[in-house]
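Remarks on the structure that follows.
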Amino acid sequence: MPVQVADSQTDDIGPFNRLSASQANTWEDCPRLWWYQNKMRLKFPQTPPLFLGRAVEECVCRVLMESPGIVFNSAPSDVLANGADMLLPLFDDELPSDFMKWCEDRVDAHWPSIRDEMHEEWSKNARKGGNWHEYSMDAYRDMCVSALRMHMDEVESCKDSVTESELTDWRNGVRPDIPAPDGREKQGPNPLARTGECTLVEAWEIARPWFVDPNAPPFSLNVIHPEHWFQGEYDLVYRHGGKIRIMDLKASRGGGDRSGNYVEQLRIYAMLWSITHDGVIPDELEIWYAGVGVRKSVEPPTAEEITNLESELNDLWQEIKGTEVTIEDCPPIPRSIRGFSEGGVKIDDPDELRCDTCDWAGLCPNGSGDDDLPDGGQHQPSGDIKVYELTPFADLKPRVNIFCEVFSVTNVPEKAPNITIEKDGGFAFVRIMVKESQGVLTYPADVAKGDSIRLIGVVPSTNWKGELQLKVDPHARIEKASEAEEGDVGLFDFQARWNVVGRVAYTTYKSGVGKNGKPWARKGIVLLDNSGRIAVEGWDNAWPSLFNTLKQGDEIAVLNVSLDAWAIDVKANLEKGSTMHVISRADDN
């Protein structure tokens with residue numbers, strides 16, 4: 001089976017602490033790079049090719065879900081909205097005479113909407129970089145066609161080589177435990193079955209690879225190591241002809257250092273397949289470079305190599321995920337840039353250094369930065385008589401516990417209830433952002449007016465009216481209780497404003513149009529200190545002009561901010577009365 005889910009009864013690692021092929025490759029590229037991107041959760045610039053690559057993969061998968069045997073060339077993109085079982089098979093004289101032309105027409109049915117959705121997603125990303133209009137949409141559309149041309153090679157091969165038993169089983173409706181996504185749910189003989197020799201329509205169905213269903217929730221189709229410490233997600237798994245062949249689809253031309261990581265990723269996926277399939281090693285591995293129409297073959301690892309690879313990855317998990325890691329454990333030791341030409345062909349390594357193009361050169365000692373990060377302290381702004389205590393990020397407390405009484409409950413169909421609580425004559429709204437966390441309700445299902453409850457780990461903030469609200473996110477919960485516990489506070493007994501200092505990693509910007517039709521914009525800064533990271537955000541007009549001068553490596557203090565949080569992310573909000581001060585400039589170091 002292509003998918004192996006975690007055993008919730010024995011999984012004590014959880015989805016956010018597993019190792020992945022991309023993390024392993026990042027560590028090999030440079031341990032400090034891994035630290036910035038995975039431990040500090042810094043996000044490198046989100047350029048259009050990242051989103052267009054996802055668009056290509058989704059478009060290809062949506063065409064693969066369809067069939068020339070039930071879908072006309074000119075059918076709308078949502079033709080499978082109600083499932084393939086609702087569509088009647090086409091008669092032989094209705095079948096496309098040119099399957100590759102059918103593939104192109106289906107790409108043209110899907111591509112525009114997928115492309116536009118990805119453009120919108122990129123536009124909304126606070127860390128977006130580059131210019132969307134500098135990239136050829138036609139070139140990426142053609143990559144979809146190129147990938148499907150490679151798939152048609154598989155279909156033709158299947159038609160010519162399918163065995164009688166494989167063909168008979170398919171015609172009788174025999175399907176793998178986890179079939180390739182095809183929109184079918186009904187059991188029994190396949191409605192596209194013919195008699196005699198295998199037809200091209202039948203070969204399309206038999207050869208269809210397993211892939212991530214584009215309608216499935218994100219990360220729901222990962223393959224997870226039986227011991228839960230590793231996970232991955234295959235692109236295409238072909239299973240026809242009694243062979244297992246894993247293909248990695250890349251919306252690129254295959255030149256540059258990254259092609260080396262693609263090879264390692266496929267070998268890791270072969271290891272993962274073998275571990276989850278009783279030692280069976282995939283017969284073939286290929287990288288499909290859709291930008292040049294090249295299929296690069298990668299030699300599958302041997303059983304001994306798989307054992308060694310699993311051991312090495314487990315050691316790496318123990319080193320960087322199974323124990324607490326500090327910046328000292330992640331030294332800046334970049335590996336040499338590897339040379340590849342188009343199609344992933346190995347060439348001589350270039351003379352350039354990885355650090356020359358690193359997104360974090362302004363933070364790293366191998367660039368223009370250093371590891372002497374701010375660690376709280378004090379700051380007295382020029383001309384101000386007040387000295388401000390600066391809190392290290394790890395000591396910020398965005399969450400509180402409150403013992404209180406339910407003042408009112410308003411039930412909302414299919415949503416969490418609206419709750420108002422009372423404490424010492426004050427009132428606050430409880431905003432339940434998530435109904436469940438790890439399969440458990442975040443509030444008592446029978447909560448009612450007059451109940452005594454404890455709000456545990458809620459995040460206090462104010463709504464647009466300035467009223468106090470207490471946010472329940474995945475790390476908070478509501479419990480019925482008879483008495484307060486140690487550490488519980490009153491409604492107004494928590495610290496509302498904080499002062500922080502940190503080194504600038506990057507700035508962010510996002511904008512949109514509100515429900516009232518008015519445009520809005522928010523700016524932000526991601527800061528590092530000796531204990532972690534934090535994002536400071538505020539409305540565009542709340543930031544001083546100083547914001548526009550900030551560069552990576554600058555150190556600033558931001559005073560009188562409020563706190564917000566979502567899961568493990570802590571955010572500081574620039575409020576009325578907040579101020580920003582430059583402590584030092586990166587250019588001065």
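The values are calculated or read from the model by the stated rules, or taken from the named source; none is laboratory data. All figures in this text were calculated on a predicted structure; none of them were measured in a lab. So basically every Cβ, Gly included, is an ideal-geometry build from the backbone, and we count neighbours across all protein chains shown.
Annotation: of all residues in the range 546-571 being surrounded by 20 or more Cβ atoms within 10 Å (Cβ to Cβ) and within 23 Å of the chain's Cα centre (by Cα), the one that is nearest to residue 367 (Cα to Cα) is 570.
Could we say that residue 576 is crowded, with 21+ Cβ neighbours inside 10 Å, free of Cβ contacts under 8 Å to residues at least 40 places away in the same chain and more than 19 Å from residue 391 (Cβ to Cβ) here? No, not satisfied.
Considering (1) at pLDDT 90 or above; (2) over 30 Å from residue 546 (Cβ atoms), the lone condition that residue 506 does not fulfil carries the number (2). Inclusion of residue 378 among residues that are assigned to a helix (DSSP H, G or I) and either on the phi > 0 side of the Ramachandran plot or surrounded by fewer than 16 Cβ atoms within 10 Å (Cβ to Cβ) (or both) is not warranted. Taking residue 476 as the residue in question, decide whether it is surrounded by 21 or more Cβ atoms within 10 Å (Cβ to Cβ) and modelled with pLDDT of 90 or more. Yes: the conditions hold for residue 476. Out of the range 523-545, which residues are under 29 Å from the mean Cα position of the chain (by Cα), surrounded by fewer than 22 Cβ atoms within 10 Å (Cβ to Cβ) and aliphatic (A, V, I, L, M)? Scanning the range 523-545 gives a single hit, 535.
A quick yes/no check of all residues on (1) in contact (Cβ under 8 Å) with a residue 12 or more places away in the chain; (2) surrounded by 13 or more Cβ atoms within 10 Å (Cβ to Cβ); (3) more than 26 Å from residue 78 (Cβ to Cβ); (4) touching a strand residue (DSSP E or B) at 6+ places or on another chain (Cβ under 6 Å):
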{"residue": "142", "(1), (2), (3), (4)": "no, yes, no, no"}
{"residue": "159", "(1), (2), (3), (4)": "yes, yes, yes, no"}
{"residue": "165", "(1), (2), (3), (4)": "no, no, yes, no"}
{"residue": "196", "(1), (2), (3), (4)": "no, no, yes, no"}
{"residue": "222", "(1), (2), (3), (4)": "yes, yes, yes, yes"}
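Taken across the range 407-417, residues that are of a type outside the set (Lys, Arg), part of a strand (DSSP E or B) and touching a residue at least 60 places away in the same chain (Cβ under 8 Å) do not occur at all. In the range 526-542, the residues that are of a type in the set (Lys, Arg) and assigned to a loop (DSSP other than H, G, I, E, B) form no Cβ pair under 9 Å with any partner that is at pLDDT 95 or above and surrounded by fewer than 19 Cβ atoms within 10 Å (Cβ to Cβ), whether six or more places apart or across chains.
Residue by residue, here is whether (1) outside the structural domain of residue 500 (by TED's automatic domain parsing); (2) of a type in the set (Lys, Arg); (3) part of a loop (DSSP other than H, G, I, E, B) holds:
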{"position": "328", "(1), (2), (3)": "yes, no, no"}
{"position": "334", "(1), (2), (3)": "yes, no, yes"}
{"position": "350", "(1), (2), (3)": "yes, no, yes"}
{"position": "385", "(1), (2), (3)": "no, no, yes"}
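Among the residues of the range 108-136, those that are surrounded by 15 or more Cβ atoms within 10 Å (Cβ to Cβ) and part of a helix (DSSP H, G or I) comprise 108, 109, 110, 111, 114, 115, 118, 119, 122, 132. For the range 265-294, a residue qualifies if it is over 16 Å from residue 225 (Cα atoms) and of a type in the set (Asp, Glu), and the qualifying residues are 283, 284, 286.
Among the listed residues 570, 536, 489, identify the single one that is touching an Asp or Glu at 6+ places or on another chain (Cβ under 9 Å) and under 28 Å from residue 456 (Cβ atoms). Break it down into steps so the answer makes sense when it comes.
Values: 536 fails: touching an Asp or Glu at 6+ places or on another chain (Cβ under 9 Å); 489 fails: touching an Asp or Glu at 6+ places or on another chain (Cβ under 9 Å).
None of the other options fit; the residue is 570.
From the list 352, 414, 324, exactly one residue is on the phi > 0 side of the Ramachandran plot, modelled with pLDDT under 95, surrounded by fewer than 18 Cβ atoms within 10 Å (Cβ to Cβ) and not hydroxyl-bearing (Ser, Thr, Tyr). Which is it? Being on the phi > 0 side of the Ramachandran plot, modelled with pLDDT under 95, surrounded by fewer than 18 Cβ atoms within 10 Å (Cβ to Cβ) and not hydroxyl-bearing (Ser, Thr, Tyr) holds for just one of 352, 414, 324, which is 414.
Every residue, every condition in (1) under 30 Å from residue 448 (Cα atoms); (2) among the hydroxyl-bearing types (Ser, Thr, Tyr); (3) touching an Asp or Glu at 6+ places or on another chain (Cβ under 8 Å), yes or no:
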position	(1), (2), (3)
363	no, no, no
411	yes, no, no
415	yes, no, no
423	yes, no, yes
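Before we move on, is residue 47 closer than 24 Å to residue 527 by Cβ, surrounded by fewer than 21 Cβ atoms within 10 Å (Cβ to Cβ) and in contact (Cβ under 8 Å) with a residue 24 or more places away in the chain? In short, yes. In the set (1) outside any loop (DSSP other than H, G, I, E, B); (2) in contact with a helix residue (DSSP H, G or I) (Cβ under 7 Å, 6 or more places away or on another chain), the condition left unmet by residue 367 is number (1).
Residues are listed down the side, and each one gets a yes or a no for (1) closer than 13 Å to residue 205 by Cα; (2) in the same structural domain as residue 343 (by TED's automatic domain parsing); (3) touching an Asp or Glu at 6+ places or on another chain (Cβ under 9 Å); (4) of a type in the set (Asp, Glu):
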residue: 93; (1), (2), (3), (4): no, no, no, yes
residue: 124; (1), (2), (3), (4): no, no, no, no
residue: 128; (1), (2), (3), (4): no, no, no, no
residue: 137; (1), (2), (3), (4): no, no, no, no
residue: 179; (1), (2), (3), (4): yes, no, no, no
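Any residue at all in the range 416-429 that is under 22 Å from residue 570 (Cβ atoms) and aromatic (Phe, Trp, Tyr)?
The initial filter retains those residues of the range 416-429 that are under 22 Å from residue 570 (Cβ atoms), namely 428-429.
Keeping just the survivors that are aromatic (Phe, Trp, Tyr) gives 429.
Yes - at least one qualifying residue is present in the range 416-429.
Among the residues that make up the range 494-505, is at least one of them farther than 21 Å from residue 577 by Cβ, in contact with a Leu (Cβ under 7 Å, 6 or more places away or on another chain), not charged (D, E, K, R) and not in a loop (DSSP other than H, G, I, E, B)? Yes - at least one qualifying residue is present in the range 494-505. Just checking, does the range 390-405 include any residue being under 20 Å from residue 462 (Cα atoms) and of a type in the set (Val, Ile, Thr)? Among the residues of the range 390-405, at least one is under 20 Å from residue 462 (Cα atoms) and of a type in the set (Val, Ile, Thr), which makes the answer yes.
Are any residues in the range 228-238 part of a loop (DSSP other than H, G, I, E, B) and either touching a residue at least 60 places away in the same chain (Cβ under 8 Å) or hydrophobic (A, V, I, L, M, F, W, C) (or both), and if so, which ones? Scanning the range 228-238 gives 228, 229, 234, 235.
Note on the range 374-417: residues that are within 30 Å of the chain's Cα centre (by Cα) and aromatic (Phe, Trp, Tyr) amount to 1. Reported count of residues in the range 281-309, each being part of a loop (DSSP other than H, G, I, E, B) and either in contact with an Asp or Glu (Cβ under 6 Å, 6 or more places away or on another chain) or over 21 Å from residue 243 (Cα atoms) (or both), is 4.
Where in the range 1-90 are there helices (runs of 4 or more DSSP H), lying wholly inside it, with at least 1 residues that are closer than 27 Å to residue 338 by Cα and outside the structural domain of residue 282 (by TED's automatic domain parsing)?
Numbers: elements: 21-29, 31-34, 48-65.
Qualifying helices (runs of 4 or more DSSP H): 48-65.
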